[in-house]
Amino acid sequence: AAKGNGRGRFAFYSSDLHQAAEDRRKLEEDLRDALARGEMELSYQPVVNAKSNMVTGVEALIRWTHPDRGIISPSVFIPIAEEANLIWSLGEWVLRKACEEAARWPGELRVAVNVSPIQFANADLPKVVASALAAAGLPPDRLELEITESVFLADSNETARMFKALKGLGVRLALDDFGTGYSSLGYLQSAPFDKIKIDQSFVRGATVKGSRNAAIIAAIVALAEALDMETTAEGIESHDQLDLIRKLAVSHVQGYIYSEPVSSDELLDHAAAGSWMIKPSGPARQ
Ligand code: C2E
Ligand code: MG
Ligand code: MG
Ligand code: MG
């Protein structure tokens, strides 16, 4: 730790900050080459019907294996990609790759792809989605785009146009991390979502029936049902959480209790039979 007089301490922290800025710059530089070097992969986490335990789809989650630093979490590098103007090419790669891999899976498994608000604000997004679907030969209703509430902070006419264009392609839309962002509910009225994903933060505290988080989840489910949208509870790890989620009539579940994200090959093995059912087996390892 910093010792001695104020000057020394200042120098300590300032070089610490310098180091952090340097790390960030280096990471951004490495990120620029990561796609070309084949360091990116998609991992797929099953989304399960809470009643039947049948897998209805998977969410594509990007994984970066850095040559020196090993696996780097998307929560670390996606914000960097957004700031450094790299999210558009990265996002296009994710869309193409996810559609390509999904077209090889048997049955009706859907693939959900996370779309950054920066991609959503680009008028070319529908063209890129259409092109990814066509190149893969994937039916549009097997692709679900996950977006967050932050897209509603942008110009509302443009947002409405984007929704219309994407729905026009026949893809599904999901509202991710619901309840954590911009909290006006007015937008839900006109936005054509097929699904609301209830953020893990609500689930985490919701182990006791009657808890405040359980009340919030119940309200979200009622809202979704009234608007004819499905619900997915994210981040379910324990049997207690799963029991409660089922009692609250959340339609779908995603979490370590069913499965961690798996590779496309692993997924092909599981799904080979055409329909894929998994038993909950949590609490899972961290
Ligand atoms: P998200 O879209 O909300 O994805 C869910 C995250 O929760 C994933 O983290 C997933 O691995 C994790 N998760 C799933 N089940 C559990 C559980 O039971 N317990 C816990 N503790 N976590 C669970 P991941 O893969 O690290 O991704 C983090 C975030 O990075 C994603 O949150 C998403 O916002 C972003 N992201 C990931 N892939 C992409 C991508 O291809 N494009 C964009 N734009 N963003 C992505
Ligand atoms: Mg997501
Ligand atoms: Mg989420
Ligand atoms: Mg998230």
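The values are calculated or read from the model by the stated rules, or taken from the named source; none is laboratory data. Just so you know, these numbers come straight off a predicted model, no measurement behind them. Cβ atoms come from the backbone with ideal geometry, glycine included; neighbour counts cover every protein chain shown. The accessibility values were calculated without ligands, DNA or RNA, using every heavy atom of the protein model including side chains. Shrake-Rupley method; radii C 1.70, N 1.55, O 1.52, S 1.80 Å.
Protection proxy ranking, highest mean first, for peptides 253-260, 26-33: 253-260, 26-33, where packing is the per-residue count of other beta-carbon atoms within 10 Å, averaged. Placing +1 on the Cβ of each Lys and Arg and -1 on the Cβ of each Asp and Glu in the chain, which of 91, 116, 254 has its Cα farthest towards the positive end of the resulting dipole? After comparing all options, I get 254. Annotation: the antiparallel percentage among DSSP beta bridges lying fully within the chain is about 40. Ligands, DNA and RNA left out, the 1.4 Å accessible surface of region 148-262 is 50% carbon and sulfur atoms.
Pairs with C-alpha atoms separated by more than 26 Å, drawn from the list 127/195; 247/279; 26/195; 26/197, are 26/195; 26/197. Rg ratio for the chain: its Cα radius of gyration over 2.2 N^0.38 Å, N being its residue count, equals 1.09. The amide H of residue 58, built 1.01 Å from its N in the peptide plane, has 47, 110, 111, 112 as neighbours under 5 Å, considering only residues 5 or more places off or on other chains. Binning all Cα-Cα separations of region 4-131 at 10 Å, short to long from zero, yields these whole-percent fractions: 11, 33, 28, 16, 8, 4, 1.
Contact order, relative form, for the chain: 18 percent (alpha carbon pairs under 8 Å, 6 or more residues apart, mean separation divided by residue count). Net length available on complete extension from residue 26 to residue 68 is 13.9 nm, with 0.36 nm assigned per residue and the Cα-Cα distance removed. At the listed q of 0.09, 0.11, 0.14 Å⁻¹, the Debye profile of region 144-286, built from one uniform point per Cα, gives log10 I(q)/I(0) equal to -0.32, -0.47, -0.74.
To the nearest 10, the accessible area of residue 248 is 30 Å² with a 1.4 Å probe.
Here the dipole of region 128-271 is about 480 debye; that uses its Cα centre as origin and unit charges on the Cβ of Lys and Arg (positive) and Asp and Glu (negative).
Relative to the Cα centre, the charge distribution of the chain, modelled as +1 at Lys and Arg Cβ and -1 at Asp and Glu Cβ, gives a dipole magnitude of about 520 debye.
Under the convention that each Lys and Arg Cβ holds +1 and each Asp and Glu Cβ holds -1, the size of the dipole of region 1-132 around its Cα centre is about 340 debye.
Once the Cα atoms are used to define both axes, helix 74-83 deviates from the longest principal axis of the chain by about 70 degrees.
Heavy-atom accessible surface of region 28-147, averaged per residue, reaches 43 Å², computed with a 1.4 Å probe. Put simply, the amide H of residue 231, placed in the peptide plane, has neighbours under 5 Å in 196, 251, 252, leaving out anything fewer than 5 places away on its chain.
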